[in-house]
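Undergrad: The structure follows.
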Amino acid sequence: MVHVYIEPVPKGQWGPIDGYRIETQDGTKLSGELLRSERLAVNEARLHGYVPLLATVRIPDKAVAEHWKPAGKTLVSV
């Protein structure tokens, strides 16, 4: 399975998080729309057969493994 990254938007440390985007390693956005929560983004990624990774820092770098953690099964329940 392919990993995808759930990233907060806007990128950067200033201001509140407006939503989340699903991106691949090369930066391709899989969701055309901004998802309101991590839970919705995780569910959307799993629905399409991807393994979602959640950012552990506000400004994540896809090349740094410590910036990401696998989405737990507890996020799936709605």
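Bear in mind these aren't lab numbers, they're just calculated from the coordinates by the rules spelled out. Nothing here was measured: the structure is a model prediction, and the numbers come from that model. Here the Cβ positions follow ideal geometry from the backbone for every residue, glycine too, while neighbour counts run over all protein chains shown.
Undergrad: Would you please state the base-10 log of I(q)/I(0) at q = 0.26 1/Å for the chain, with intensities from the Debye formula using one equal scatterer on every alpha carbon?
TA: -1.41
Undergrad: Another one. Loop only per DSSP, at most 10 neighbouring Cβ atoms within 10 Å: give me the GluC sites (Glu not before Pro) in the chain, ordered by residue number. Don't skip to the end; give the middle numbers.
TA: On the way: sites: Glu23, Glu33, Glu38, Glu44, Glu66; in loops: Glu33.
Within the chain, the qualifying GluC sites (Glu not before Pro) (loop, at most 10 other Cβ atoms within 10 Å) are Glu33.
Undergrad: Ok, one more. Using the Karplus equation 6.51 cos²θ - 1.76 cosθ + 1.60 (θ = phi - 60°), what ³J(HN,Hα) coupling, rounded to whole Hz, does each residue of region 55-61 give in order, writing x for Gly and Pro?
TA: These are the phi-based 3J(HN,Hα) values: 6, 9, 10, 5, 10, x, 10 Hz.
Undergrad: Continuing with the same structure: Which ³J(HN,Hα) values, rounded to whole Hz and listed in residue order, are derived for region 7-16 from phi using the Karplus coefficients 6.51, -1.76 and 1.60 in 6.51 cos²θ - 1.76 cosθ + 1.60 with θ = phi - 60°, glycine and proline given as x?
TA: 10, x, 10, x, 6, x, 9, 9, x, x
Undergrad: Find me the longest stretch of the chain that has none of the exposed trypsin sites (Lys or Arg not before Pro), where exposed means in a DSSP loop (not H, G, I, E or B) with at most 13 other Cβ atoms within 10 Å.
TA: 12-35
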